[in-house]
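What follows is a single structure, written as structure tokens, with notes after it.
The values are calculated or read from the model by the stated rules, or taken from the named source; none is laboratory data. Just so it is clear, the model here is predicted, and its values are computed rather than measured. We place every Cβ from the backbone using ideal geometry, glycine too, and count neighbours over all the protein chains shown. Calculation scope for accessible area: heavy atoms of the full protein, side chains included, ligands and nucleic acids excluded. Shrake-Rupley method; radii C 1.70, N 1.55, O 1.52, S 1.80 Å.
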Amino acid sequence: MKIEEIRGKTNPELETALETTKRELFQLRFAATTGTESNTSRTSYLRRTVARIVTVLHERQTGIRGQEAVR
């Protein structure tokens, strides 16, 4: 998910996306541990996505940057 997509969503949408991304990351880590996962690059992609979502939520919470209009 790109940062423009993340910034275009509302806080409840971001919280839902964060929850589903974290769940998928957990399942991917579990699959990698058991040896059933072959797409290891997805793990780093999901970690970055979680960081982006958390960053945008924190920016909005502290007032650094508000929600911008959806284009």
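So what is the 222 nm mean residue ellipticity for the chain from helices alone, if each DSSP H run of at least 4 adds -39500 (n - 2.57) and you divide by all residues, rounding to the nearest 500 deg cm²/dmol?
Values: 3 runs with 51 residues, N = 71.
Calculated mean residue ellipticity at 222 nm is -24000 deg cm²/dmol.
Restricting the chain to chymotrypsin sites (Phe, Trp or Tyr not before Pro) that sit in a DSSP loop and have at most 15 other Cβ atoms within 10 Å of their own Cβ leaves nothing. Residue-wise HN-Hα couplings along the stretch 3-11, as the Karplus relation 6.51 cos²θ - 1.76 cosθ + 1.60 with θ = phi - 60° gives them from phi, are 5, 5, 5, 5, 5, x, 8, 7, 4 Hz; Gly and Pro carry x.
Only protein atoms count toward the accessible area here, which uses a 1.4 Å probe; on the chain, the carbon and sulfur part of that area reaches 51 percent. For the chain, the per residue solvent-accessible surface stands at 73 Å², with DNA, RNA and ligands left out and a 1.4 Å probe. Share of pairwise Cα-Cα distances greater than 15 Å in the chain is 54 percent (whole percent). For the stretch 45-58, 3J(HN,Hα) computed residue by residue from phi via the Karplus equation (6.51, -1.76, 1.60; θ = phi - 60°) reads 4, 5, 4, 5, 5, 4, 4, 5, 5, 4, 5, 5, 4, 5 Hz, glycine and proline entered as x.
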